[in-house]
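**Q** Handing you this structure, nothing more for now.
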Amino acid sequence: MSSTQTSTSADLGTDRVITYSEAVREAIGQAMEADDRVFMLGEDIGVYGGAFGVSGDLYHRFGAERIRDTPISELGIVGAAVGAALVGMRPIVEIQFSDFTNQAMDQIVNQAAKIHYMLGGAMSVPMVLRAPLGSGTGAAAQHSQSLEAWFAHVPGLKVVMPATAADAKGLLLSAIDDPNPVIVLEHKLLYRTSGPVPEEAVRVPLGQSAVRRRGEHLTIVGTGVMVSRALEAAEVLAADGIDVSVIDPRTLTPLDDAPIHEDVSRTGRALLVQEAPGHVGFTAELSARIAESPTIYRLLAPVRRLSGLDAPIPYAPQLETASVPQVADIVESAKTLVKES
Amino acid sequence: MSATPGTDHDTARHALLTMWTIRRFEEAVDDLFARGLMHGTMHLSIGQEASATGACLALRTDDAITSTHRGHGHCIAKGADLTRMMAELLAKETGYCRGRGGSMHIADTATGNLGANGIVAGGIPIAAGAALAFKMRAEDRVVACFFGDGAANEGAFHEAVNLAAIWKLPVVFICENNKYGMSFSTEKSFAIENISERAAAYGIPGTTVDGNDLDEVYGAVSAAVDRARAGEGPTLVENVTYRWKGHSKSDKNLYRTKEEIAEWRAKDPILRFEARVKESGLLTEEEVQLIRTQAMEDMRAAVREANAAPDADPSDLLDAVFARA
Ligand SMILES: Cc1ncc(C[n+]2csc(CCOP(=O)(O)OP(=O)(O)O)c2C)c(N)n1
Ligand SMILES: [Mg+2]
């Protein structure tokens, strides 16, 4: 009946299980071994090993030149990455929390995203900006946002949200190869999750959605931490006789929406889930794409969106949990949607 | 790179031609705009020619620059092609940016110009990053980073100068203090006498020179470039100068007096250099006239050729949003 793709050992051809953050580190290490132009810069990524421990021992392996600790100057370091990329380096910037990309927005939005275009294609900015996003750690409103839609709204940026350890590695390797600025948003709650990851430097192409599970009654679409929540919800729903698909777009830009249209056309129902506030969010784009295409004729019920509240993320654990979609919320929304039609 | 412009014949000739070319180019732009033949907005650098020219004279071709919204002079002084510049401003397909960038975004890979910038101080962290790359790759290359007095009050300036200082990057920060950021005077926007004093806060040398004196600019930037090449890190050079024209096309000059403008016109950096080299006998009156004529002819040829080029083509506007692998 249901099948899960690209997350089992068999699909990936490996039994080796590592954590999401180990997978990110492995990608960076392999890219740096293969290419002298690749280097990393960010706050406390050296001896400290990164605020979330992602850079770990890379400093000891590659040294202070290439695992470059910086002052607390987000605008300066992203700008330095843009400049280095312009003259042929392949910098990877780590921003400690994605909330602090706000400090660097000029360099991300006005410089990195636009230089290739503004110069009529004469130069390009092959850089990667990695940053943890999302809630669930009790860090409150300035350390818990999901700002992916902002970046996806800027032409010239690619936006990646890996949901599994294998994707954390494979998508990052593709991001490093890419000749454009790529924003990679890693959900904090995923860093300690684990899964099978190929030891070799296997790329996962940007712009290829993953069908995580195939079902009959309903298509759930979500990214980042919402993928595992949707898969968990799917198990609960299966016990109730509701069989769902789970699709993970993986990259917001470029967006591969064909598998979504195809699956929604088959199930007739779409539940679009995101942690970010619903107002003008990424799932609004997905909803519009369904509405603007023949997929709309196949719907048995209106598209349903399940999003974070249109509010900042609060501190208290029960408030924080209540602010963003949890497994039970997905189950409930799915049931309502199936019942409605 | 070259001998001092005020003492070497060929260098003096080159410097004078560069300054006149910038002047004529800016005047042509001003004129085309006034006649409705050019669209958009322009920030002219008339009056500031010695700053761009003296600084770029201290650089090699493979050294890089980052520039600003007032960047035509930097671009020309670094060696850009006048016709491609003019074509860009005239919205032609043959322009440096194929009409996608315009005046504020011209870059030229061939001459190491990493680009003008529409964002005040936007190029300063980028300059530090390019210098970081040169240093990491152990290349003997330097970045000259141009920016205005206004930019020195942006956070980007402070973050980037500090990064360059702690990493001893081969970059020269060149602040073109033309007394105003749009309408806001440096008297109002700074509580210090000289912007170069800020260098001390980052532990690097800072120096203020007469930005309308080509030899002074060249001397200060050369020393800073030597220091950068020797691995000793960045320097902040402040060129005090003045823009004769308004900030951009919308400026009615309400914030400054006619007398002040006249006073600075009297300090014309080009005429000053001309007088100096004629007096010392480095260039003859005849040579000077030939240089003036050549600048005028080069500019006219650029306008003519650019005008004849095909208009920028809207059929593939999505083409360069992303670079292809
Ligand atoms: C971040 C930012 N703020 C404001 C502006 C609008 N603006 C363009 S140029 C300018 C003045 C800049 O002054 P300065 O750095 O001294 O350069 P100048 O124009 O005198 O050459 C202003 C306010 C801008 N382009 N970018
Ligand atoms: Mg100014």
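The values are calculated or read from the model by the stated rules, or taken from the named source; none is laboratory data. As the structure is a computational prediction, the values presented were derived from the model and not from experiment. Please note: Cβ atoms are built from the backbone with ideal geometry, for glycine as well, and neighbour counts cover all protein chains shown. For accessibility, only protein heavy atoms count, side chains too; no ligands or nucleic acids. Shrake-Rupley method; radii C 1.70, N 1.55, O 1.52, S 1.80 Å.
**Q** From the convex hull of the Cα coordinates of chain B, what is the mean projected area in square nanometres?
**A** Quarter of the Cα hull surface area: 16.9 nm².
**Q** Is the range B:141-271 rounded, prolate or oblate when judged by the Cα gyration tensor, a ≥ b ≥ c being the square roots of its eigenvalues, rounded requiring a/c under 1.5 and prolate requiring a/b larger than b/c?
**A** On the way: a/c = 2.45, a/b = 1.63, b/c = 1.50.
Note, shape of the range B:141-271 comes out prolate.
**Q** Okay, next question. What shape does the range B:76-166 take by its C-alpha gyration tensor, where a ≥ b ≥ c are the square roots of the eigenvalues and a/c under 1.5 counts as rounded, a/b above b/c as prolate, and the rest as oblate?
**A** Oblate, since a/c reaches 1.5 and b/c is not below a/b.
**Q** If you take every DSSP beta bridge fully contained in the protein assembly as shown, what fraction is antiparallel? Give it as a percent rounded to 5.
**A** About 20 percent, rounded to the nearest 5.
**Q** What number comes out for accessible area per residue over chain A if the probe is 1.4 Å? Units Å², please.
**A** Working: 12340 Å² over 341 residues.
Averaged over the residues of chain A, the accessible area is 36 Å².
**Q** Also, I was wondering about something else. What accessible area per residue, rounded to a whole number of Å², is obtained for the range B:233-325 using a probe radius of 1.4 Å?
**A** Value for the range B:233-325: 57 Å² per residue.
**Q** Considering only chain A, what is the antiparallel percent among its DSSP beta bridges, to the nearest 5? Mind dumping the intermediate values first?
**A** Values: 8 of 39 bridges.
For chain A, the DSSP antiparallel bridge percentage is about 20.
**Q** Give me the orientation-averaged projected area of the Cα convex hull of the protein assembly as shown, in nm², one decimal.
**A** In nm², the orientation-averaged hull projection of the protein assembly as shown is 31.5.
**Q** Using the Kirkwood formula over every pair of different C-alpha atoms, what hydrodynamic radius in Å results for the range A:194-341?
**A** One over the average 1/r among Cα pairs gives 15.7 Å for the range A:194-341.
**Q** Once you have the Kirkwood Rh of chain A from its Cα pairs, apply Stokes-Einstein at 4 °C and 1.567 mPa s and quote D in µm²/s.
**A** 64
**Q** Then there's this: Return the equivalent ellipsoid semi-axes of the range A:9-196 as a descending list in whole Å, where each equals the square root of 5 times an eigenvalue of the C-alpha gyration tensor.
**A** So the equivalent ellipsoid measures 24, 19, 17 Å along its semi-axes.
**Q** Skip the ligands, DNA and RNA, and give the accessible area per residue of the range B:1-157 with a 1.4 Å probe, whole Å².
**A** 28
**Q** If you don't mind, there's one more thing I want to ask. On the principal axes of its Cα set, how long, how wide and how thick is the range B:1-152? Give whole Å, largest value first.
**A** Extents along the principal axes: 47, 36, 31 Å.
**Q** In square nanometres and to one decimal, what's the mean projected area of the convex hull around the Cα atoms of the range A:100-216?
**A** About 9.2 nm², averaged over all directions.
**Q** Another question about this same structure. Buried accessible area between B and A (1.4 Å probe, both chains summed, ligands and nucleic acids excluded), in Å² to the nearest 100?
**A** For B against A, buried area totals roughly 3200 Å².
**Q** What fraction of the DSSP beta bridges in the range A:9-196 is antiparallel, stated in percent and rounded to the nearest 5?
**A** 15
**Q** How many percent of Cα pairs in the range A:39-84 exceed 15 Å?
**A** Numbers: 376 of 1035 pairs.
For the range A:39-84, the fraction of Cα-Cα distances above 15 Å is 36 percent.
**Q** Report, in debye and to the nearest 20, how large the dipole of the range B:165-261 comes out about its Cα centre when Lys and Arg carry +1 and Asp and Glu carry -1 on their Cβ.
**A** 500
**Q** Quick one: which residues, 5 or more positions from A:ARG90 or on another chain, have an amide H under 5 Å from its amide H? H modelled 1.01 Å from N in the peptide plane, none for Pro or chain starts.
**A** A:VAL38, A:PHE39
**Q** Straight distance only, please: which lysines reach the Cα of A:LYS188 with their own Cα at less than 18 Å, same-chain residues fewer than 8 apart left out?
**A** Once the sequence-local lysines are set aside, what remains near A:LYS188 is A:LYS169.
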